[in-house]
Amino acid sequence: MRVSYCIILISLAFVSFVGCKKTEDLIDFTEEDEVLLGEKLAQAISENANFSLIPSEGNSLAYGYVNSRLSEITNAASISKSEDFTWSVTLFDDETRQAFALPGGYIYVSTGMIFYLANEDQFSGLLAHLVAHIDQSHVTERLFFKYGVNGLKSITTGGDAESLNQIIGDLDLRGTYLQLSRANELVADTLAISLLTGSGQACNSNGLFMDRALNVQAELITSFTGAHRLDTIRLGIIEETVIGRGCDTTVDGESDNRFISFRNSLP
C-alpha cells in the first residue's frame with residue numbers, strides 16, 4: 001500500500017504538491033489484501049439491516065446501466081488497478097443523497113443521490129470520483145491510520161468482528177471513514193478527469209456533479225459535500241485543469257434518455 005504525506009499549495013490556476021513524500025510498501029498490505037478487505041466490508045454491509053440494498057436479480061436494466069457506466073471509466077488507461085480490483089456498483093434504497101467507496105473496487109450509491117442528479121454526465125462524474133479514490137487507495141489509507149496493518153489484516157481474516165462492526169456502523173452514519181483529506185480529494189479530482197476523458201462523457205463531468213451539489217438544493221446533500229470537503233475552490237481547480245488539458249467537455253443530450261430510463265427502472 002502507498003501512503004502519501006503532502007503539503008499542498010492551492011490557487012484557481014494550479015495545484016502544486018510541495019514536499020510530497022510517498023513511501024512504497026510502507027507496510028505489508030498489498031492490493032490483494034485491499035481486495036479481501038473490500039470483500040469483507042461488502043459482505044458485512046449485505047448482512048446489515050440498516051442498508052436496504054437493491055438486488056441485481058430482478059433489476060437487470062438498472063444494473064446493466066450502472067455497470068456500463070462503470071466499465072467505461074475503469075477501462076481508462078490512466079487507472080492503475082483495473083485488473084486487480086473487483087469493480088462493482090451496488091444501489092441501495094435510501095432517501096438521503098449519499099454515495100461512498102470501499103477498498104477493492106466496491107461502490108455504493110443511494111436512490112436519493114440518483115434522483116438528485118440531473119443527467120448521465122453528473123452520474124458518471126460521481127462514479128469517476130469514487131473510482132479515483134479507490135484506485136489511489138484513499139479509503140484504505142484512512143482505515144490504516146485508525147487500525148494499522150495488523151488490525152486491517154485481522155479484520156480481513158475475520159479475527160476482529162468488533163472493529164468490522166465499528167467500520168460498518170460508521171459508514172451507516174456517514175461518519176469519519178468517508179471524510180478524506182483535502183489532498184486526497186484533489187488527487188481524486190485530477191484522476192477523475194483522466195478517467196472521464198474518452199469515456200463518452202464530458203471530461204469535466206466530475207465538476208458538473210460538484211457544481212450541482214453546491215448550487216442546486218445544496219441543503220439536501222450537506223452530508224456528502226461536508227465529508228468530501230466540497231467548495232468553490234475545488235470547482236475552479238477542476239475547471240482550470242480541464243482547460244489546460246483541452247479535453248472534450250461536450251455533454252451528450254441523448255444520454256439523458258438513458259439516465260431517465262435508468263431512474264424509472266428503480267424499484
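The values are calculated or read from the model by the stated rules, or taken from the named source; none is laboratory data. The structure presented is a predicted model; accordingly, all values stated were derived computationally and were not measured. Don't worry about glycine lacking a Cβ; one is built from the backbone with ideal geometry, like all the others, and counts go over all protein chains shown. Surface accessibility is based on the protein's heavy atoms, side chains included, excluding ligands, DNA and RNA. Shrake-Rupley method; radii C 1.70, N 1.55, O 1.52, S 1.80 Å.
A count restricted to segment 211-223 and to residues that are open to solvent by less than 20 Å² (accessible area, probe 1.4 Å) and not in a helix (DSSP H, G or I) stands at 1.
Does Val139 count as touching a helix residue (DSSP H, G or I) at 6+ places or on another chain (Cβ under 7 Å) and on the phi < 0 side of the Ramachandran plot? Taking the combined requirement at face value, the residue satisfies it.
Looking at Leu230, Leu208, Leu195, Leu178, just one residue is at pLDDT 90 or above, open to solvent by less than 30 Å² (accessible area, probe 1.4 Å), out of contact with any Ser or Thr (no Cβ under 8 Å at 6 or more places or on another chain) and of a type outside the set (Gly, Ala, Ser), and that residue is Leu230. Count of segment 224-264 residues, restricted to those that are free of Cβ contacts under 8 Å to residues at least 60 places away in the same chain, among the hydrophobic types (A, V, I, L, M, F, W, C), more than 20 Å from Val66 (Cβ to Cβ) and in a helix (DSSP H, G or I), is 5.
Filtering segment 28-43 to residues that are under 19 Å from the mean Cα position of the chain (by Cα) and open to solvent by 60 Å² or more (accessible area, probe 1.4 Å) leaves Glu31, Leu36, Glu39, Gln43.
The number of residues in segment 135-149 being part of a helix (DSSP H, G or I) and either within 21 Å of Leu235 (Cα to Cα) or polar (S, T, N, Q) (or both) comes to 2.
From the list Leu164, Leu195, Leu130, the one residue that fits, being of a type outside the set (Ser, Thr, Tyr), part of a helix (DSSP H, G or I) and over 20 Å from Phe85 (Cα atoms), is Leu164. Please determine, by comparing only the residues of segment 150-173 that are modelled with pLDDT under 90 and either in contact with a Gly (Cβ under 9 Å, 6 or more places away or on another chain) or among the acidic types (Asp, Glu) (or both), which one is surrounded by the most Cβ atoms within 10 Å (Cβ to Cβ). Here the answer is Asp170.
Here the condition is being over 30 Å from Gly169 (Cβ atoms) and modelled with pLDDT of 95 or more; of Leu61, Leu91, Leu53, it holds for Leu61 alone.
Within segment 57-86, residues that are free of Cβ contacts under 8 Å to residues at least 60 places away in the same chain sit with their Cβ atoms under 8 Å from residues that are open to solvent by 50 Å² or more (accessible area, probe 1.4 Å) and part of a helix (DSSP H, G or I), at 6+ positions apart or across chains, in these pairs: Lys81/Glu31; Asp84/Glu31; Asp84/Glu32; Phe85/Glu31; Thr86/Glu39.
Summed over segment 44-92, the residues that are closer than 19 Å to Asn119 by Cα, open to solvent by 60 Å² or more (accessible area, probe 1.4 Å) and either among the charged types (D, E, K, R) or in contact with a helix residue (DSSP H, G or I) (Cβ under 6 Å, 6 or more places away or on another chain) (or both) give a count of 2.
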